[in-house]
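*Asks:* Below is the structure I would like to discuss, written out as structure tokens.
The values are calculated or read from the model by the stated rules, or taken from the named source; none is laboratory data. The structure presented is a predicted model; accordingly, all values stated were derived computationally and were not measured. Using ideal geometry, Cβ is built from the backbone for each residue, glycine included, and neighbour counts are taken over all protein chains shown.
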There are 2 protein chains.
Amino acid sequence: MSKNLTSRAEDYSKWYNELVVKANLAENSAVRGCMVIKPYGYAIWEKMQAELDRMFKETGHENAYFPLFVPKSLFEAEEKNAEGFAKECAVVTHYRLQNDPDNPGKLRVDPEAKLEEELVVRPTSEAIIWNTYKGWIQSYRDLPILINQWANVVRWEMRTRLFLRTAEFLWQEGHTAHATKAEALVEAEQMNDVYAKFAENFMAMPVIKGVKTESERFAGALDTYCIEALMQDGKALQAGTSHFLGQNFAKAFDVKFTNNEGKLDYVWATSWGVSTRLMGALIMTHSDDKGLVLPPNLAPFQVVIVPIYKNDEQFEAITEKAESIIKELKALNISCKFDKRTTHRPGAKFAQHELQGVPLRIAIGPKDLENNTIELARRDTLTKEIVQIDELTSTIKDLLKVIQDELFNKALIYRDDHITEVNDFETFKKVLETKTGFISAHWDGTAETEQKIKELTKATIRCIPMNNKQEDGVCVYSGKPSLQRVLFAKAY
Amino acid sequence: MSKNLTSRAEDYSKWYNELVVKANLAENSAVRGCMVIKPYGYAIWEKMQAELDRMFKETGHENAYFPLFVPKSLFEAEEKNAEGFAKECAVVTHYRLQNDPDNPGKLRVDPEAKLEEELVVRPTSEAIIWNTYKGWIQSYRDLPILINQWANVVRWEMRTRLFLRTAEFLWQEGHTAHATKAEALVEAEQMNDVYAKFAENFMAMPVIKGVKTESERFAGALDTYCIEALMQDGKALQAGTSHFLGQNFAKAFDVKFTNNEGKLDYVWATSWGVSTRLMGALIMTHSDDKGLVLPPNLAPFQVVIVPIYKNDEQFEAITEKAESIIKELKALNISCKFDKRTTHRPGAKFAQHELQGVPLRIAIGPKDLENNTIELARRDTLTKEIVQIDELTSTIKDLLKVIQDELFNKALIYRDDHITEVNDFETFKKVLETKTGFISAHWDGTAETEQKIKELTKATIRCIPMNNKQEDGVCVYSGKPSLQRVLFAKAY
């Protein structure tokens, strides 16, 4: 299988598209821009979900579920306070199909089943949720509300790519309501920290925490915190955002509360989300020309055992050994799959597990049973070693931790090696064309300069890093004074 | 709070509607027929999901995700083989809103953004999934495919009720593909058994396993297995279905495979699902005039501790004790919440936890600390006892099991007491009007008689029980010969 994978050097974009399909992660569907997430890809997403969900609950959040549809009028209310909100949405106008009287065997929309008010398939849920919160909040005693939702959303994207940009995608969206500005700010920053911790500890993907410039903020947000990662091709990817929404949504939906001094005030809000886009980020952080490389903390199974045998007797002996290994690993919370398919040869199995990024592969043959050894292969380094069977489980336990750490460190070194401090615009353009990655440069703080740089180079300001060093400098484009460097990059 | 709940005897339907809202399970939304599932209700659904998901994986299934939208043409393909498929669906016809030039501040559908082919919001996913499977299946080596999806679906229902019948609802849908008829039949029956096991062991809800008559089957199914439960008002509720689809969908979407004899054949299919409707079934199986009664196996928290104190010192001492109890319970995998809110008095907390069905409530006051005792209250029986603190955790552990079992047994006795064997149509009608419940009666096997009985009594055949006793008899309506009794009831 893997022999057909385009190399990254040849065509990174093609490599990505092929890998997603060949590794059985996802594929395009019959619906324009919508993907099918296949079981192996979905199992990785489930691991991500489980971990994020645990972290959200640990920080006091509960899950709930709000409607898929948003009445058009709620968008109108939102539009007043958050102008520029995306309008590329799927719109439901009718509620019935009928047999087409003019075309036997065909269906058509029943013209009499037209909705009085169109329903928009949620592109995000602020409008429907804040319209609901209005009924839940009267007093400071009803606050904070700390709710998260796991859901599908739809944005009518013109150019789509599996995981990275799809019309329908899966995500989580947190929507919180607070009595004070300070509390909402703490919440927004806290959730960005949660995302960073998840990205680094589970995805083994180093991220830079920062805030967006005004032009890159979510419509309606006063501040957008974000985590930015660097992909292998030198392009940045926004992996998660957390918005401080001020009182904008409370004003749009008239959500007031009596504070502890008995005065009426608008509620303070945050929202924060990550999506199946993280799958794309995971792939483009670690994978190689042989296929997917998965960090052990997110692998659907961390170890695979491939039996090598010539007859039933050998197969039975190997099976017995494999089952005892699986049991020992399970006791250590390590997931292991025994690939006993009779429809595939060992070589084909090796290739498939390599392509699918299983962190560790065990091969057991009759010789191994005799010698009390097994062959253990690492996916990330493509190295093999012979291990004594009585040392196997402890070796695996240690190795999984080593792999997780090394993947992170490798990505971190690459990332840090691709942050270039630049002080003039010629170098700026040259770095973007050659080395790529992040450019750390002074910026005069105006949307005008930001826009100009974007037009000239396609690079955008990815973020103003948190706790950014303050230093005197001049804008790389305008030459005007600046007090800090910001991070530019071309981005997904 | 609970003092306002309508009693079941007074108006069962009103009691249900009030309970769902007051116990913070769900509420109606701004979108007709769509509900908001509130955190407490969603936490119960999450417990259901976790357990079902575990059972699906144990029986070899994997999760995946398919698009929300189904192109109209796929419905046309399906319609040919599964006529009568529901057409009351939400239909997306446009992909953009724009500012309405004639009404400042208003939005309208952009007439130029009309889809070439309408997209239906999935009412169920057979069409999009079998259209996808076509690309996955060439040979028997690709089979079986054992996939489940957790998703939202939309059916344009005219009369909706929270959880029981909503336009959008959450569910899981299993879609499997097999090489042989026998294997597909085993799968369909197996999944119905899984549902029955879940209903009985987790929901504490006794169910009757059976098959549907032809008129009650899912469109396109050759056999529909089901689990039927009896609600407290004597009406039946279909809690889960599992369909043997034969080769109908394979034919509709042209999914053929080479079998192990090298011959081309159509693939055999099943589908099976349960939904948030189970929440309604759970409520109407156990709850009482005081509010929700939850089986411990599905309660968001199984125990709640309410502190009773007059000063900070007492509060601190109680907190210390509560935390040590929580820690001990956690070690036994028992979830416990310490309700230390200062905004509510103990009485209000008691009322709320009663209304929300927390299985066990602990009250600790200063006297209890002195005496090394606590007061333990059971929600299901509304009884209290004083327990020595050193016996508390073992008492709780045992009691939770007892409650789970007793809830099931109580529901079983009620259910069995409401299955009436009836041999003539006058008695049939009388039982339906007075005792309600299931009626076990002979039926001549014709759709005509079934329809006639439905028209005259509103009772439908809920199922032909599995392993049904064969006996000579005559149809309760037509007097024609019959070999077995079937179960009739009015149903949700």
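*Asks:* Of all residues in region B:158-179, how many are more than 10 Å from chain A (Cβ to nearest Cβ), of a type outside the set (A, V, I, L, M, F, W, C), touching a residue at least 12 places away in the same chain (Cβ under 8 Å) and outside any strand (DSSP E or B)?
*Replies:* Qualifying residue count, region B:158-179: 1.
*Asks:* How many of the residues making up region A:221-256 are surrounded by fewer than 22 Cβ atoms within 10 Å (Cβ to Cβ), within 20 Å of A:Ala127 (Cα to Cα), in contact with a strand residue (DSSP E or B) (Cβ under 6 Å, 6 or more places away or on another chain) and not charged (D, E, K, R)?
*Replies:* 2
*Asks:* Still on this structure: From the list B:Ala322, B:Ala250, B:Ala348, which one is touching a Phe, Trp or Tyr at 6+ places or on another chain (Cβ under 7 Å) and either not in a helix (DSSP H, G or I) or not assigned by TED's automatic domain parsing to the domain that holds B:Ala199 (or both)?
*Replies:* B:Ala322
*Asks:* With the condition kept exactly as written, say whether any residue in region B:107-122 is under 30 Å from B:Leu298 (Cβ atoms) and buried (at least 18 other Cβ atoms within 10 Å of the Cβ).
*Replies:* yes
*Asks:* Could you identify the single residue in A:Lys87, A:Lys47, A:Lys72 that is closer than 29 Å to A:Lys197 by Cβ and out of contact with any Ser or Thr (no Cβ under 7 Å at 6 or more places or on another chain)?
*Replies:* Within the list A:Lys87, A:Lys47, A:Lys72, the selection yields A:Lys47.
*Asks:* Here is a further query. Scanning for something farther than 30 Å from B:Ala90 by Cα and within 13 Å of chain A (Cβ to nearest Cβ), does region B:180-195 turn up at least one residue?
*Replies:* The answer is no; no qualifying residue exists.
*Asks:* Then there's this: With respect to the numbered conditions (1) within 10 Å of chain B (Cβ to nearest Cβ); (2) free of Cβ contacts under 8 Å to residues at least 24 places away in the same chain; (3) not acidic (Asp, Glu), which one is the sole condition not fulfilled by A:Pro104?
*Replies:* For A:Pro104, the exception is condition (1).
*Asks:* For residues in region B:54-78 being in a strand (DSSP E or B) and at the interface with chain A (Cβ under 7 Å from one of its Cβ atoms), which is surrounded by the most Cβ atoms within 10 Å (Cβ to Cβ)?
*Replies:* B:Phe69
*Asks:* When you look at A:Glu328, is it farther than 30 Å from A:Leu432 by Cβ, more than 16 Å from the chain's Cα centre (by Cα), surrounded by fewer than 22 Cβ atoms within 10 Å (Cβ to Cβ) and without any contact (Cβ under 8 Å) to a residue 24 or more places away in the chain, yes or no?
*Replies:* No; evaluated as a whole, the condition is false for this residue.
*Asks:* Sticking with this one: Would you be able to say whether some residue in region A:258-272 is closer than 21 Å to A:Glu51 by Cα and in contact (Cβ under 8 Å) with a residue 40 or more places away in the chain?
*Replies:* Yes: region A:258-272 contains one or more residues that are closer than 21 Å to A:Glu51 by Cα and in contact (Cβ under 8 Å) with a residue 40 or more places away in the chain.
*Asks:* Please give the number of the condition A:Thr342 fails out of (1) among the polar types (S, T, N, Q); (2) without any contact (Cβ under 8 Å) to a residue 24 or more places away in the chain; (3) assigned to a helix (DSSP H, G or I).
*Replies:* Result: A:Thr342 passes all but (3).
Okay, residues lined up against (1) of a type in the set (D, E, K, R); (2) touching a Pro at 6+ places or on another chain (Cβ under 8 Å):
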residue	(1), (2)
A:Val422	no, no
A:Lys430	yes, no
A:Thr434	no, no
A:Asp444	yes, yes
A:Arg462	yes, no
A:Pro465	no, no
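*Asks:* Just wondering, is there one or more residues in region B:387-402 that are surrounded by 21 or more Cβ atoms within 10 Å (Cβ to Cβ) and charged (D, E, K, R)?
*Replies:* Scanning region B:387-402, I find no residue that is surrounded by 21 or more Cβ atoms within 10 Å (Cβ to Cβ) and charged (D, E, K, R), so the answer is no.
*Asks:* A:Ile147: modelled with pLDDT of 95 or more and in a helix (DSSP H, G or I), yes or no?
*Replies:* Against the criterion (modelled with pLDDT of 95 or more and in a helix (DSSP H, G or I)), A:Ile147 does not qualify.
*Asks:* Right, A:Trp272: within 15 Å of the chain's Cα centre (by Cα), over 18 Å from A:Tyr414 (Cα atoms) and crowded, with 21+ Cβ neighbours inside 10 Å or not?
*Replies:* Yes.
*Asks:* May I pose another question? Consider B:Thr213 carefully, then state whether it is without any contact (Cβ under 8 Å) to a residue 24 or more places away in the chain, crowded, with 19+ Cβ neighbours inside 10 Å and closer than 29 Å to B:Tyr16 by Cβ.
*Replies:* No, not satisfied.
*Asks:* Among the numbered criteria (1) within 21 Å of B:Val153 (Cβ to Cβ); (2) away from chain B (no Cβ under 11 Å), which one does A:Glu126 miss?
*Replies:* A:Glu126 satisfies every listed condition except (1).
*Asks:* Does region A:129-144 hold any residues that are among the β-branched types (Val, Ile, Thr) and within 9 Å of another protein chain (Cβ to nearest Cβ), and which are they?
*Replies:* Hits for region A:129-144 are A:Ile129, A:Thr132.
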